[in-house]
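Visitor: My questions will all concern the structure given below.
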Amino acid sequence: MEDSSRKTKRLNASPVAVTPDELGEAWDGGKLHLPLMVDLNGKPFGRANTGVDMTFDFPTLIAHAAKTRPLSAGAIIGSGTVSNKLDGGPGKPVEQGGAGYSCIAEIRTIETIDTGKPVTPFMRFGDTVRIEMKDGAGHSIFGAIEQTVKKYEH
């Protein structure tokens, strides 16, 4: 996506980095407890709380990564797909009252288990995904990531 104020291309990274103290009470020292808002083509796809159902907290992930590879300043540690269970089982789409998903492969897997085949299509040319997280006051924490799938022209 082009940033009109700078005329630069944004890649798959957050436009803004923040320190844990900026996260307030939502940061518990290991996990961030806020919903990750994922919209697919302008419709809610996921609203999963990032701290709920997170198997390993960030200190544990960082410690493991440091045991298995050298880490240097600027290293980025990701937690993986954000997902929330529902009543002990897999989640449900937002339109069915669930927290939705952050990964198309996950919903397709659940659909396959439930019905024998996936229903949700993979993204196609022209599809847009928007990812953002807001604090309790509704302010964007990291800025929004918005990408449209385009055919590579070489």
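Visitor: So how exposed is residue 16, as accessible area in Å² (1.4 Å probe, rounded to 10)?
Guide: 70
Visitor: Choose one of 32, 60, 147: the residue whose Cα lies farthest towards the positive end of the charge dipole of the chain (beta-carbon charges +1 Lys, Arg; -1 Asp, Glu; about the Cα centre).
Guide: Farthest towards the positive end: 147.
Visitor: Residues with amide H under 5 Å of residue 79's amide H, sequence separation 5 or more or different chain, H placed in the peptide plane at 1.01 Å from N; which?
Guide: The answer is none.
Visitor: Can you sort 128, 115, 68 by solvent-accessible area, 1.4 Å probe, largest first?
Guide: Sorted by accessible area, descending: 115, 68, 128.
Visitor: Now for a different question. Using only protein heavy atoms and a 1.4 Å probe, report how much of residue 69 is accessible, in Å² to the nearest 10.
Guide: Rounded to the nearest 10, the figure is 120 Å².
Visitor: So, one more: In square angstrom, rounded to the nearest 10, how much accessible surface does residue 72 have for a 1.4 Å probe?
Guide: Surface accessible to solvent at residue 72 totals approximately 90 Å².
Visitor: Taking the Cα atoms of the chain, what is the range of coordinates along each of the three principal axes, in descending order and whole Å?
Guide: Largest to smallest, the principal-axis extents are 44, 44, 38 Å.
Visitor: Quick one: accessible area per residue over the chain, 1.4 Å probe, rounded to a whole number of Å²?
Guide: Per residue, the chain has an accessible area of 69 Å².
Visitor: Calculate, for residue 72 and residue 146, the FRET efficiency according to 1/(1 + (r/R0)^6) with r their C-beta to C-beta distance and R0 30 Å; round to the nearest 0.05.
Guide: 0.50
Visitor: Another question, then. Per-residue ellipticity at 222 nm for the chain, helices alone: DSSP H runs ≥ 4 residues times -39500 (n - 2.57), over residue total, nearest 500 deg cm²/dmol?
Guide: Mean residue ellipticity, 222 nm, calculated: -4500 deg cm²/dmol.
Visitor: Measuring from centroid to centroid over Cα atoms, what is the spacing of the stretch 86-120 and the stretch 34-57 in Å?
Guide: The distance from the Cα centre of the stretch 86-120 to that of the stretch 34-57 comes to 13 Å.
Visitor: Over the stretch 29-77, what is the mean sequence separation of C-alpha contacts under 8 Å (at least six apart), divided by residue count, expressed as relative contact order in percent?
Guide: Result for the stretch 29-77 is 30 percent.
Visitor: Still on this structure: Take the Cβ-Cβ distance between residue 53 and residue 25 as r, set R0 to 22 Å, and report the resulting FRET efficiency rounded to the nearest 0.05.
Guide: 0.70
Visitor: Could you look at the stretch 53-154 and say what percent of its accessible area is carbon and sulfur, using a 1.4 Å probe and all protein chains?
Guide: 56
The values are calculated or read from the model by the stated rules, or taken from the named source; none is laboratory data. None of the values given here were measured: they were computed from a predicted structure. Every residue, glycine among them, receives a Cβ derived from its backbone with ideal geometry; neighbour counts consider all protein chains shown. Surface areas here come from the heavy atoms of the whole protein model, side chains and all, with no ligands, DNA or RNA. Shrake-Rupley method; radii C 1.70, N 1.55, O 1.52, S 1.80 Å.
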